[in-house]
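The values are calculated or read from the model by the stated rules, or taken from the named source; none is laboratory data. Quick caveat: nothing in here was measured; it's all calculated off a predicted structure. Note that each Cβ is placed from the backbone with ideal geometry, even for glycine, and that neighbours are counted across all protein chains shown. Keep in mind that these areas ignore ligands, DNA and RNA; they rest on the heavy atoms of the full protein, side chains included. Shrake-Rupley method; radii C 1.70, N 1.55, O 1.52, S 1.80 Å.
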Amino acid sequence: MENTKKIFSIFNFEKKSKNDKHQELNSEVVDDPNNKIIEKDVTVNQTEANFVETLPSLPSQHSQHNKNELQHSDLGDLATGPYRPILKVYKQSRFGSQNRSFCSDWYKQYTWLEYSIKSNAAFCYACRMFADKLDDEVWTKKGFSNWQKLNEKLKKHDKTKRHLVCLSKMSGYLACKESGSVMVKQCSYYKEQVAKNRTYIGTLIDIILFLGKQGIAYRGHREDKNSLNQGNFKELCKLLSNYQPDFKNKFDETTNYTSWSIQDQLIKLCAEDIRETIVKEIEKIGFFALMCDEARCYREEQLSICVRYTVDLDVYERFLCFVDVSKGQTSNHIITALFECFEKQKLTMSKIKIIAQSYDGASVMSGHLHGVQSRIKEHYPFAIYTHCMAHRLNLVVVDTCKTIKVILKLRKIIKLINL
């Protein structure tokens, strides 16, 4: 029974008398305009201050000082800053024949100072939160409550080496909290630089695409700084740098990614991206028409491959790639080269159909027995062959010039003028 009474005794509260209620001091907290650190908004009176002593203590967020702050749960932490209540009346202590108490005027002179209503003592927030070891027990654990010597002790503590180190740590923490840590600033600067670099390279790619679309040469004969004409690519870069400060800053650097090797890399990347787009469109439709023609370049025999397809009833004719057929120009070699090209471009020919084909009139291409068009029909029976209209027109012009003497003389005159 005795144990049961002890357990339930926590629910027994002592009723206050009317005299006690009249003696309560309604002391409101006033904001300190000179305090640079964020403070708690507190409204307490002397009776509440006495009542706080009966409350259980809460652990602090700072792991090194948990044991200490269990005794002073009303002090500030890293999130809230120092606890600095400004009261009309502070709890007084007897010193000889005089009663003395804490004064809020000390807050203005010492930004690290905080006051515990529960302990009726002053503490150093900087040393309590940022010290590696809590050696100074007076200002970090017990609290200073000798109000008669407070002025002298505050001056002395403010000049100690340990306190100054903790104060610098506190200033650094508050600065990082306000403007971001060094790591955050580095990350922000890194992201900004990455964005600028991407914009710069994107501008170079736009120049590459513009020159390619217009069919203009990229490079000039001389591209050094003393040259009057450094080529279309670099001259366009100069032009844009006059109107874009960020582009000019990157272009004026030693490494500005405008050399011929970088230009070739950008051209290849653009070509790969365009080919991928063409392949995706063909795979989406599921069929296309094939057009091929051979051309000799010095000692190489190249086969140009073009495709023709529709997207939403709009007809597109696209160049796909060049294939080297120097090893052999028979139909077997050309068919092998064609299917190797399709495989390299990642065209799944098992799902895609060739519905039409167009070549010149050479027997190796148009032969109905062993030509390329007959070999294509072995794989795709509905691939209709059409003699290339451009080649037909060329044959007509050549035969006309041979037959009509006036046109033949005109061709000779034009050749002489060109010479």
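Across region 203-227, which residue is most open to solvent (accessible area, probe 1.4 Å) among those that are charged (D, E, K, R) and part of a loop (DSSP other than H, G, I, E, B)? Write out each step before concluding.
Our first condition is that a residue be charged (D, E, K, R); within region 203-227, this holds for 206, 213, 219, 222-225.
From what's left, part of a loop (DSSP other than H, G, I, E, B): 219, 222-225.
Details: Arg219: 102, Arg222: 125, Glu223: 45, Asp224: 61, Lys225: 189 Å².
So, considering only residues that are charged (D, E, K, R) and part of a loop (DSSP other than H, G, I, E, B), the one most open to solvent (accessible area, probe 1.4 Å) is Lys225.
Looking at (1) closer than 16 Å to Tyr115 by Cα; (2) of a type in the set (A, V, I, L, M); (3) modelled with pLDDT under 80, which is the one condition that is false for Leu150?
Of everything listed in (1) closer than 16 Å to Tyr115 by Cα; (2) of a type in the set (A, V, I, L, M); (3) modelled with pLDDT under 80, Leu150 misses just condition (3).
With on the phi > 0 side of the Ramachandran plot, surrounded by 12 or more Cβ atoms within 10 Å (Cβ to Cβ) and not polar (S, T, N, Q) as the only criterion, which of Gly96, Gly172, Gly143 stands out? Let's see the steps before the verdict.
Working: Gly96 fails: surrounded by 12 or more Cβ atoms within 10 Å (Cβ to Cβ); Gly172 fails: on the phi > 0 side of the Ramachandran plot.
The unique qualifying residue is Gly143.
Filter region 368-400 down to the residues that are under 22 Å from Lys351 (Cβ atoms) and open to solvent by 60 Å² or more (accessible area, probe 1.4 Å), then identify the one that is nearest to the chain's Cα centre (by Cα).
Applying the filter and picking the extreme gives His379.
Looking at region 323-367 only, could you name the residues that are among the β-branched types (Val, Ile, Thr), within 19 Å of Arg296 (Cβ to Cβ), open to solvent by less than 30 Å² (accessible area, probe 1.4 Å) and assigned to a helix (DSSP H, G or I)?
So in region 323-367, the residues among the β-branched types (Val, Ile, Thr) come out as 323, 325, 330, 334-336, 348, 352, 354-355, 364.
Next, from what is left, pick out any that are within 19 Å of Arg296 (Cβ to Cβ): 323, 325, 330, 334, 364.
Right, trim to open to solvent by less than 30 Å² (accessible area, probe 1.4 Å) and you get 323, 325, 334.
Matches in region 323-367: Ile334 only.
Quick one: how many residues across region 228-259 are small (Gly, Ala, Ser) and either over 19 Å from Ala217 (Cβ atoms) or open to solvent by less than 40 Å² (accessible area, probe 1.4 Å) (or both)?
From region 228-259, those small (Gly, Ala, Ser) are 231, 241, 259; that's our starting set.
Checking the rest, the ones that are also either over 19 Å from Ala217 (Cβ atoms) or open to solvent by less than 40 Å² (accessible area, probe 1.4 Å) (or both) come to 231, 241.
The qualifying residues number 2.
Can you tell which of Val182, Val194 is of a type in the set (Val, Ile, Thr), at pLDDT below 90 and open to solvent by 80 Å² or more (accessible area, probe 1.4 Å)? I'd like the intermediate steps shown before the answer.
Numbers: Val194 fails: open to solvent by 80 Å² or more (accessible area, probe 1.4 Å).
That would be Val182, the only listed residue that is of a type in the set (Val, Ile, Thr), at pLDDT below 90 and open to solvent by 80 Å² or more (accessible area, probe 1.4 Å).
Here's a check for you: in region 276-310, which residue that is acidic (Asp, Glu) and not in a strand (DSSP E or B) is least open to solvent (accessible area, probe 1.4 Å)? First the steps, then the outcome.
Our first condition is that a residue be acidic (Asp, Glu); within region 276-310, this holds for 276, 281, 283, 293-294, 300-301.
Checking the rest, the ones that are also not in a strand (DSSP E or B) come to 276, 281, 283.
Values: Glu276: 102, Glu281: 63, Glu283: 81 Å².
Result: Glu281.
Does at least one position in region 395-407 carry a residue that is closer than 14 Å to Cys292 by Cβ and outside any helix (DSSP H, G or I)?
No, there is no match, as no residue in region 395-407 is closer than 14 Å to Cys292 by Cβ and outside any helix (DSSP H, G or I).
Can you spot a residue in region 107-121 that is at pLDDT below 85, farther than 29 Å from Glu178 by Cα and open to solvent by less than 30 Å² (accessible area, probe 1.4 Å)?
For region 107-121, residues at pLDDT below 85, farther than 29 Å from Glu178 by Cα and open to solvent by less than 30 Å² (accessible area, probe 1.4 Å): absent.
Take Cys297 and decide whether it is modelled with pLDDT under 90 and not aromatic (Phe, Trp, Tyr). Before the answer, list the steps.
Details: modelled with pLDDT under 90: yes; not aromatic (Phe, Trp, Tyr): yes.
Considered against the rule, which asks whether it is modelled with pLDDT under 90 and not aromatic (Phe, Trp, Tyr), Cys297 comes out as yes.
Only one of these is of a type in the set (Gly, Ala, Ser) and touching a residue at least 40 places away in the same chain (Cβ under 8 Å): Gly328, Gly371. Name it. Before the answer, list the steps.
Details: Gly328 fails: touching a residue at least 40 places away in the same chain (Cβ under 8 Å).
Among Gly328, Gly371, only Gly371 is of a type in the set (Gly, Ala, Ser) and touching a residue at least 40 places away in the same chain (Cβ under 8 Å).
Check off (1) in contact with a Phe, Trp or Tyr (Cβ under 7 Å, 6 or more places away or on another chain); (2) crowded, with 17+ Cβ neighbours inside 10 Å; (3) under 19 Å from Ile376 (Cβ atoms) for Gln263 and give me the number that stays unchecked.
Tallying (1) in contact with a Phe, Trp or Tyr (Cβ under 7 Å, 6 or more places away or on another chain); (2) crowded, with 17+ Cβ neighbours inside 10 Å; (3) under 19 Å from Ile376 (Cβ atoms), Gln263 fails exactly one: (3).
Give the residues of region 311-322 that are under 27 Å from Tyr298 (Cβ atoms) and open to solvent by 10 Å² or more (accessible area, probe 1.4 Å), sorted by residue number. Steps first, answer last, please.
Of all residues in region 311-322, those under 27 Å from Tyr298 (Cβ atoms) come to 318-322.
Correct list: Arg318, Phe319, Cys321, Phe322.
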